[in-house]
Every structure is written in structure tokens, then in C-alpha cells.
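To start, the structure itself, in C-alpha cells.
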Amino acid sequence: MPPHPSPTYERLREYIAERMRMSHIYQPLMLMELLGRHSPAPAQDIARRILGEDVTQIDYTTERVKRMVGRVLTGNGITRYGDGLTSLFGAEELSDSERDALLQLCRQRLDGFREQRGEEVACLFAEKPAASAIATATAARSAAR
């Protein structure tokens, strides 16, 4: 008989499989980074996971990780942020097989997202937001002076 799953595993499994709403791929990637390294992780490492090899936007993405993805997962009781590190609540309870199962579940969610949205899923974190029309107009007026 297999051992009874830990409460942390059950909580994370339920969140990933049923409650996690994905407008993009950031939550599963962040969770995969934390699960794979046995938590905690600096926001820069999580940003690198999201960006892959494109580290030209690392500072911008690091801030977005802290403000957006981290806030969603922390608000849902999945992660906590302190001393520059993000960690999973209860990570120490997870066995290696539970981590593997959660990683697989994250991969399944990513695959489902890609199937639904198409093969190419651009990383929105790497794209700085366009300047607003007001800021553009102000800059044009300043340049004309």
C-alpha cells in the first residue's frame, strides 16, 4: 500500500489541477522552479525560468515575477515571499515522488495551455509595456521644444 499523500501535496495538487487559472504560463513555470530546486528561489531565478535564455529583460521580468505571479500564488496560499526569496508553503513535507507528480501536473497544464492557445506562446513578461498615448504625446512635445 502506498504511503498517504502529505497535506501539502494534496493542497498543491488541488490548486494546480482545479483552481489555477492560466492567462499565461507563468504560474506553472514558477511552481516548477520551486519544486525542482526544493524551494526557496530568488525572483531572478524564477524570471530566468520564464525567459529561458533571453536574459536581456531579466531585471524587468524579476520585478514582474514579484508583483504579479508571486502575488497570485501568495494570495492563494501557495507561496510566500521574504528576504528576497519565494518559497512554497510546506515544501519540506513533500517527498521526491510527490514533487515528481506535481511537476508532471504542471507540465500537463502547460501542454494544455499550448494546445489551446497554439504552439507559440510568447513570454509577455519579456515585453515591456508600450508607452501610453499621453506619454508618447508628452515626449513628442518635449522633443519639439
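Quick rundown of the values:
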read-out: Under 16 Å from the residue 83 label point (7 Å along Cα→beta-carbon), backbone N, the range 11-47; value: 39-43
read-out: Charge tally in the Cβ shell below 11 Å around residue 13, where Lys, Arg are +1 and Asp, Glu are -1, residue 13 excluded; value: -2
read-out: Ranked list, fewest to most other Cβ atoms within 10 Å of each Cβ, for 80, 99; value: 80, 99
read-out: Packing-based order for 32-38, 16-22, using average beta carbon neighbours within 10 Å, highest first; value: 32-38, 16-22
read-out: Which of 78, 46 has the fewest Cβ neighbours within 10 Å, and the rest in rising order; value: 78, 46
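Rule-based calculations on the coordinates, nothing more; no lab input. Model, not experiment: these values are computed from the prediction. FYI the Cβ positions are ideal-geometry reconstructions off the backbone, even for glycines, and counts take in every protein chain you see.
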